[in-house]
Amino acid sequence: MRELVFALEFRGRGGPVAGSTTKRQARTTAPSQALRTVLGPSGVRADIDPVPGESAVLESRVERFPDGSFVEDGTITYGRAGSISFDTVGRGQVGPAAGGSGSHGVVMWRVTGGEGRFAGAQGLITSNFTVSPDGEVIDDHFTRLYLPQ
């Protein structure tokens with residue numbers, strides 16, 4: 001198997017599913033991008049720069065529980081290369097964001113399938129996200145996939 005490791009920052013919207021008090025849905029996109037981290041005596045500098053290429057699209061369904069945990073499943077389409085499907089490993093956690101505006105959370109997803117160049121994919125994705133009070137989502141992913149040769 002071939003290992004593929006990458007990071008992307010997704011942005012978009014999330015919100016409640018009509019008629020449900022526990023279900024939510026989200027749609028976010030990530031352009032092709034270069035992430036840069038520089039460590040120095042004055043601290044850490046981080047930049048995300050768009051680069052030419054296609055975009056990734058995430059569509060997910062979430063079920064939240066009273067204790068702040070949740071489960072999620074969905075798909076991520078990586079441009080014309082193909083897509084993966086995923087579900088939650090255990091449960092994710094969400095709570096109030098620092099500063100009291102919106103929420104902040106984390107979840108790990110297991111890749112459950114793939115299409116196109118991602119057919120036969122296995123792996124894990126970590127998601128560290130914020131949601132503003134009006135539903136704006138910023139979702140940072142670190143992905144490690146294993147693809148058939």
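Couple of notes before you dig in:
- The length gained by stretching the chain between Ala7 and Ala119 to full extension, at 0.36 nm per residue less their Cα-Cα distance, is 38.3 nm.
- Distance between the pseudo-spin-label points of Asp49 and Gln93 (7 Å out from Cα toward the beta carbon): 3.6 nm.
- Among Ile138, Phe118, Ser60 the positive-end extreme of the charge dipole of the chain (Cβ point charges): Phe118
- Listed peptides 58-66, 33-41 appear in the order 58-66, 33-41 once ranked by packing, highest mean of other Cβ atoms within 10 Å at the front.
- Whole-number percent relative contact order across the stretch 2-147, with pairs defined as alpha carbons under 8 Å at least 6 apart: 24
- Separation of alpha-carbon centers, the stretch 31-52 and the stretch 106-149, rounded to whole Å: 20
- Separation in nanometres of the label points that stand 7 Å from Cα toward Cβ, at Glu136 and His104: 1.7
- Once both labels are positioned 7 Å from their Cα atoms along Cα-to-Cβ, the gap between Tyr146 and Ser42 label points is 4.4 nm.
- Only one residue of Gln25, Leu39, Ser85 has its Cα farthest out toward the positive end of the dipole of the stretch 1-117, where Lys and Arg carry +1 and Asp and Glu -1 on Cβ, and that residue is Gln25.
Taken together, the values in this text are just the output of simple stated rules run on the coordinates, not laboratory data. Only a predicted model underlies this, so the values are computations on that prediction, with no experimental measurement involved. Glycine gets a Cβ as well: all are built from the backbone with ideal geometry, and neighbour counts include every protein chain shown.
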